[in-house]
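Below: one structure, written as structure tokens.
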């Protein structure tokens, strides 16, 4: 059963928001969007933000209004939800094997430009079969393993063979090279992150050179995340970047040592929570394991470095500190990992100052297929 939209209107005080709730500070959020858009434009890079972070068509459209060429997502269900919400260019930056999912993806080609990654002959065979029903050609990227140890061809010769098959197809369009090193995003020092992306860029350059020798044009070399996008942008190899978390900036990204060459982003996503019970030594809040993801560690309490979060259960969290919040008081938690936290909610409440500004649907919430 769909979760009803919160009964909130623009101008309502933030105190009307029932907790736990996912909120976005619009001032910080809009500054983050402009900062990344300005960076990409000055660097001469195509910007294709990753929508798996927010799963929200409203946010995707705002990113594209500021110059993004489109967005990425990881699942066909995400792509379908975003296209239904009016997003006109989506790259599924992942492999899809199931014929039913591919058929669904092909059904979107009449409403949006659609791209997808492949790293196997089976995946390409099934994509070619599904593309017979596509309204428009599909952009197909060969994914290259560049150190992330997940998907991607490990042998460049295999990648060349896939690219030749794509280029020879009359229903597919060779989109380029997908070379994303996700494992580099949270290496803590700037030097560690740069070294990892230098390796990724060298692999992508080798693949691009092989394609050039085969007479295959490489329109796009894409990858990068919030932790490394300056490295890809300065590599001379990539011409498109895919940062996602910059829109929100979770606690884990804040733990990275900043790259002096990178622009600064602000925390804009919070879990609004209330103190529901109080003891002398701790306060109990209504945001537990079901309210935010702790796979990257516990959240921190915004503007209250004296307080710590601990001992979560399904529906409760414990707050400790010298000056504990009072019963009924609200706190803003900065989640450890924004992407899976967003996926726990159906709605984002956008706030400006102490007022509600808007309520946005998380269109692709729970889209796992």
Checklist entry - So which of 218, 237 is assigned by TED's automatic domain parsing to the domain that holds residue 33, more than 30 Å from residue 315 (Cβ to Cβ) and over 23 Å from the mean Cα position of the chain (by Cα)? => result 218
Checklist entry - What's the number of the condition residue 101 fails, among (1) within 17 Å of residue 225 (Cα to Cα); (2) touching a helix residue (DSSP H, G or I) at 6+ places or on another chain (Cβ under 9 Å); (3) part of a helix (DSSP H, G or I)? => result (1)
Checklist entry - If residue 146 satisfies every condition in (1) assigned to a loop (DSSP other than H, G, I, E, B); (2) farther than 22 Å from residue 184 by Cα; (3) in contact (Cβ under 8 Å) with a residue 60 or more places away in the chain but one, which is the exception? => result (2)
Next on the checklist: If I ask for residues that are within 20 Å of the chain's Cα centre (by Cα), buried (at least 18 other Cβ atoms within 10 Å of the Cβ) and outside any strand (DSSP E or B), which ones from the stretch 316-342 would you list?
Outcome noted: 335, 336, 337, 338, 339, 341, 342
Next on the checklist: Going by what's in this entry, would residue 128 be described as assigned by TED's automatic domain parsing to the domain that holds residue 65 and in contact (Cβ under 8 Å) with a residue 40 or more places away in the chain?
Outcome noted: yes
Checklist outcome for this item: Reported set for the stretch 94-105 where residues are in contact with a strand residue (DSSP E or B) (Cβ under 7 Å, 6 or more places away or on another chain) and either buried (at least 24 other Cβ atoms within 10 Å of the Cβ) or free of Cβ contacts under 8 Å to residues at least 40 places away in the same chain (or both) is 96, 105
Item to check | Filter result for residue 307 (in contact (Cβ under 8 Å) with a residue 12 or more places away in the chain and surrounded by 16 or more Cβ atoms within 10 Å (Cβ to Cβ)) | outcome: yes
Checklist entry - Can you spot a residue in the stretch 264-283 that is in contact with a helix residue (DSSP H, G or I) (Cβ under 8 Å, 6 or more places away or on another chain), surrounded by fewer than 19 Cβ atoms within 10 Å (Cβ to Cβ) and either under 26 Å from residue 353 (Cα atoms) or free of Cβ contacts under 8 Å to residues at least 60 places away in the same chain (or both)? => result yes
Next on the checklist: What's the total number of residues in the stretch 67-78 that are closer than 19 Å to residue 175 by Cα, in contact (Cβ under 8 Å) with a residue 40 or more places away in the chain and outside any loop (DSSP other than H, G, I, E, B)?
Outcome noted: 3
Item to check | Filtered residues of the stretch 167-205 (kept if part of a strand (DSSP E or B) and surrounded by fewer than 19 Cβ atoms within 10 Å (Cβ to Cβ)) | outcome: 173
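The values are calculated or read from the model by the stated rules, or taken from the named source; none is laboratory data. None of the values given here were measured: they were computed from a predicted structure. We place every Cβ from the backbone using ideal geometry, glycine too, and count neighbours over all the protein chains shown.
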